[in-house]
Amino acid sequence: VEWAQGRPGTGTESLPRLARLVAMALRFGSRLAGIPDSGIRAVMMRATALRAAGRDVINWHVGRPDYDTPAHIKAAATAAMEAGHVHYAPAAGIPELREALAERSSLEWGTGVSADRVVVCNGGMEAVYASLAALIDPGDEVIVPTPNWPNMRWATRLAGGTPVEVPLEDGQLTAEAVAAKVTHRTRAVVLSSPGNPLGTVASPPDLAKIAQLAAEKDIMVFSDETYCRLYYGGAQDETAPSIMSMPGAAERTLAFGTFSKTYAMDGWRLGWLVAPTAADAVEITKARYYISSCSPTFTQHAAVVALRSSQDCVREMVEAYRTRRDALVEGLANIDGVSLPGGTPMGAYYLFPDISRFGDSGVVAKALLEEHGIACIDGAVFGKEGSGHLRIAYSCSLEDCRRGVDRLGMALNSMRS
């Protein structure tokens, strides 16, 4: 402390304050260079501050359910703690949860998934990063759609890989666009369906083409299945089409999932991955062990209950999201100059309207928050092809959807040049 303050007798009296601060600064690794802070979290923090100051803010910014975790899941966590499930768990997850996840995956994909291919992680994000850490060498390229959830791009960079952006076409990733970007350094392609931020869903024919391309080019597929059960394009309980259902795809695909969206458990930080083989799962488990060791034991027991008990809570949320989506789509259609790329989204809980006629999307998003109390995300956060758009998360009340779209219409009309 004396050295830092430059007190007499410490040998630092003559050092300028700035030089002393520089001398004390940490030296960070080069892989952090160019990786930004989260643009989504920045809006969340500002919106929180505005609400604390008494402002009325429409919460369209954070992609998390506005529902509480269902009571029976919370009760299961409490019961697990009371039963003594409070110590270290196996790095790959407790056997009961791996079995339950394998059963659920087999049901959704129509293929057999064994429990030894499942790795439980602290959220879907850890599942992604542990896989990248295990599979990517420095300089390996990972093809990432744009616009897309930004964490895929920056996690690739943090793991030493090189993200290569491929523009979506009308909200869809096409095999032809991917093929144009494949090089001898390509290691994998990221597939997000239903997608974030557009909510678009890939069709089985498009998924089959990507699976065929991956086999021909000998590359992996990283399939983000986060929103697969938030699907509005089929019968009740039907999940979005998955590349894991395509013939031969599972042998070169890693699928990532989470309890955050389906069961409103985002704060529980519990996710998983399904690897091509049991041997692959062992290697990825090794990577995740040195990231966080294991996931909390009592939360895993609660997750087993979530998967194996009544799914009425999921049905209720999906129907509510569908109603909110419809209200927003109808409202946006009444705002002259706003359009929806990819049309009405069939999954997730996002809209990604094109508002380029009103100016730079970053400037518009900031004005909407500061001047009109609408918290949404600049589309540029999701990649270069997202510029000119806003991401709206309808994981909020129906009332806020309706109030928000009315307020948005008035705000954008005031911005017309």
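Show which lysines lie in cross-link reach of LYS366 when reach means a straight Cα distance below 23 angstrom and same-chain residues fewer than eight apart are skipped.
Once the sequence-local lysines are set aside, what remains near LYS366 is LYS384.
Could you work out how much longer the chain between GLU238 and LEU107 gets when fully extended? Use 0.36 nm per residue separation minus the Cα distance between them, nm to one decimal.
46.1 nm
Taking the Cα atoms of region 149-242 alone, what are Rg (to one decimal) and Dmax (as a whole number) in Å?
Values for region 149-242 (Cα only, Rg and Dmax): 13.5, 43 Å.
When averaged across all projection directions, what area in nm² does the alpha-carbon convex hull of region 23-111 cover?
Reported value for the Cα convex hull: 12.8 nm².
Calculated from the structure, log10 I(q)/I(0) by the Debye sum over Cα atoms at q = 0.11, 0.13, 0.14 Å⁻¹ equals which of (i) -1.01, -1.36, -1.48; (ii) -0.98, -1.22, -1.32; (iii) -0.86, -1.15, -1.29?
From the options (i) -1.01, -1.36, -1.48; (ii) -0.98, -1.22, -1.32; (iii) -0.86, -1.15, -1.29, the structure gives (iii).
Tally the DSSP beta bridges in the chain and give the antiparallel ones as a percent, rounded to 5.
Restricted to the chain, the bridges split so that about 45 percent are antiparallel.
For HIS72, HIS184, HIS389, HIS87, write out the residues from largest to smallest accessible area, computed with a 1.4 angstrom probe and no ligands counted.
HIS184, HIS87, HIS72, HIS389
In a shell of Cβ-Cβ distance under 14 Å around ARG252, excluding ARG252 itself, what net charge do Lys and Arg (+1) and Asp and Glu (-1) give?
Computed value for this residue: -1.
Send over the Kirkwood Rh of region 254-364, from the inverse of the averaged 1/r over different Cα pairs, rounded to one decimal Å.
17.6
Over region 102-181, consider all pairs of different Cα atoms and compute the Kirkwood hydrodynamic radius from their mean reciprocal separation; express it in Å, one decimal.
Averaging 1/r across every pair of different Cα atoms and inverting gives 14.4 Å.
Where does the charge balance sit around ALA175 when Lys and Arg score +1, Asp and Glu -1, over other residues with C-beta under 14 Å from its C-beta?
Computed value for this residue: -1.
Accessible area of region 221-337 with a 1.4 Å probe: how many percent of it is carbon plus sulfur?
Taking all protein chains in place, region 221-337 shows 52 percent carbon and sulfur surface.
Taking the Cβ of TYR263 as the centre, find all other residues whose Cβ is under 14 Å away and add up their charges (Lys, Arg: +1; Asp, Glu: -1).
Counting the neighbours of TYR263, the net charge comes to +3.
Under a point-charge model restricted to the Cβ atoms of Lys and Arg (+1) and Asp and Glu (-1), what is the dipole moment magnitude of the chain relative to its Cα centre, in debye to the nearest 20?
1140
Where does region 257-308 land on Rg(C-alpha)/(2.2 N^0.38 Å)?
Relative to the 2.2 N^0.38 Å estimate, region 257-308 comes out at 1.22.
The values are calculated or read from the model by the stated rules, or taken from the named source; none is laboratory data. This structure is a prediction, so every number in the text was calculated from the model and none was measured. Backbone-built Cβ (ideal geometry, glycine too); neighbour counts: all protein chains shown. Accessible surface areas use protein heavy atoms only, side chains included; no ligands, DNA or RNA. Shrake-Rupley method; radii C 1.70, N 1.55, O 1.52, S 1.80 Å.
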